[in-house]
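Readers should treat all values here as calculations from the given coordinates under stated rules, not as data from a laboratory. Every value quoted in this text rests on a predicted model; they were computed, and no experiment measured them. All Cβ positions, even for glycine, are placed from backbone atoms using ideal geometry, and neighbour counts span all protein chains on display.
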Amino acid sequence: MYVLGIETSCDETAVAIYHAEKGLISHVLYSQADTHSEYGGVVPEIASRDHIRKLVPLIKQTLSDSQLSPSDINGIAYTAGPGLMGALLVGAATARSLAWAWQIPAIAVHHMEGHLLAPMLEADPPPFPFVALLISGGHSLLIEVTGIGQYRLLGESLDDAAGEAFDKTAKMLGLGYPGGPRLAELAEKGHARFKFPRPMTDRPGLEFSFSGLKTFTLNTLQNSDKTEQDKADIALAFQQAMAETLSIKCKRALQQTGLKTLVIAGGVSANKSIRQHLIEMTEALGAKAYFPRHEFCTDNGAMIAYAGCQRLLAGQTQNLEIFARPRWPIDELLSID
Ligand code: KG4
Ligand code: ZN
């Protein structure tokens, strides 16, 4: 079964083809980051219009890269939420219409389930059950995962998502958009000079809160001379605080559930320092951490094609409605057995 995957939930237009037995066949991505950077963040209307321009050419490119024709495709998976409504609708309408024209099933995929399953595309996929830490621009979730669609929410962010905190802090430091990777780059030049708080680690629970850390960062910056070195030192302290906070919460989640496998996915999981902290923490616990390859940490079509393929194989399909849901709790998903 060949599944075409379409991702348009935010500022990446991404398409992939995944085969149930052969694995990932091809994937392409167009990032709108440069378009949005002059505004300091994603402008939803520009994002939607750009998806319209890029999606069909990318679908054609994926098919030709794979040396496949539309008649070879057995199903279409598309991100139906959560995300920006206009952006989601471009993917949903295109996917649903193509599926209708090609007389094949379509399946609506939850974007965060896509992230969660992205490490399954690797040669050494994580075994169920596991704890998943999903850290993206819009969400920070800790989930106990027993199987596909079997998700128990253990904790989430009470305010900013981890990626959002990176982006806002980067903006304060004058780094532009998207901030996460730029802040990480600047942190490499930093000296360990400041110690930032590890929010909500002094009390039990698996919730996150990053807005206080952001304010602490702003105060530290305002009280400094704002030299390049000051900024690098602040970036390092912020990143260290994020990495340690995430690591403390993941350790707690592993201990509470008794599980020995941790999956980390979503854009922020591309961060080297965070990866390193989580690898060291799991090793010390006798557990193992799994990540997607770097390019599949951030938004991509491969994870959507994979997640959709699993659901189509289980017999799930979408009716003819063009379904998009900007807010969509992950624990509402149907389980596949
Ligand atoms: O998963 P993703 O591509 O999109 C959403 O679903 O939101 O995540 C994007 C987020 C952005 O906030 C971006 O700044 C952050 O992931 N990010 C990073 C890094 N690479 C991407 N944050 C920290 N370090 C990175 N290396
Ligand atoms: Zn994402």
Checklist outcome for this item: Of the DSSP H helices in the chain, the ones reaching 18 Å or more along their long axis in Cα terms and averaging at least -0.5 in Kyte-Doolittle hydropathy are 44-65, 85-102, 228-257, 272-285
Checklist entry - Which whole number in µm²/s is D for segment 146-252 by Stokes-Einstein, with the Kirkwood Rh taken over Cα pairs at 25 °C and 0.890 mPa s? => result 170 µm²/s
Checklist entry - With the contact rule set at Cα under 8 Å and sequence spacing of 6 or more, what percent relative contact order holds for segment 128-291? => result 27 percent
Checklist outcome for this item: Expressed in angstrom and rounded, the centroid-to-centroid distance over alpha carbons for segment 101-146 and segment 215-251 is 30 Å
Item to check | Rel. contact order, % - alpha carbon contacts under 8 angstrom, at least six apart, the chain | outcome: 26 percent
Item to check | Dipole in debye (nearest 20) - segment 128-291, about Cα centre, beta carbon charges: Lys, Arg +1; Asp, Glu -1 | outcome: 220 debye
Next on the checklist: Can you tell me what percent of all Cα-Cα pairs in segment 124-195 are more than 19 Å apart?
Outcome noted: 51 percent
Next on the checklist: With the crude spin-label approximation of a point 7 Å out along Cα→Cβ, what separation in nm comes out for MET1 versus GLU188?
Outcome noted: 4.2 nm
Item to check | For peptides 50-63, 218-231, sequence by mean Cβ density within 10 Å, most packed first | outcome: 50-63, 218-231
Checklist outcome for this item: Beyond 28 Å (Cα-Cα) in this structure, taken from LYS214/LYS288; LYS214/LYS272; LYS22/LYS288; LYS171/LYS288; LYS60/LYS288; LYS168/LYS288, we find LYS214/LYS288; LYS171/LYS288; LYS60/LYS288; LYS168/LYS288
Next on the checklist: At q = 0.09, 0.10 Å⁻¹, what log₁₀ I(q)/I(0) does the chain have when each alpha carbon counts as one equal point scatterer in the Debye sum?
Outcome noted: -0.47, -0.57
Checklist entry - Ranked highest first by the average count of other Cβ atoms within 10 Å around their residues, in what order do 171-183, 264-276 fall? => result 264-276, 171-183
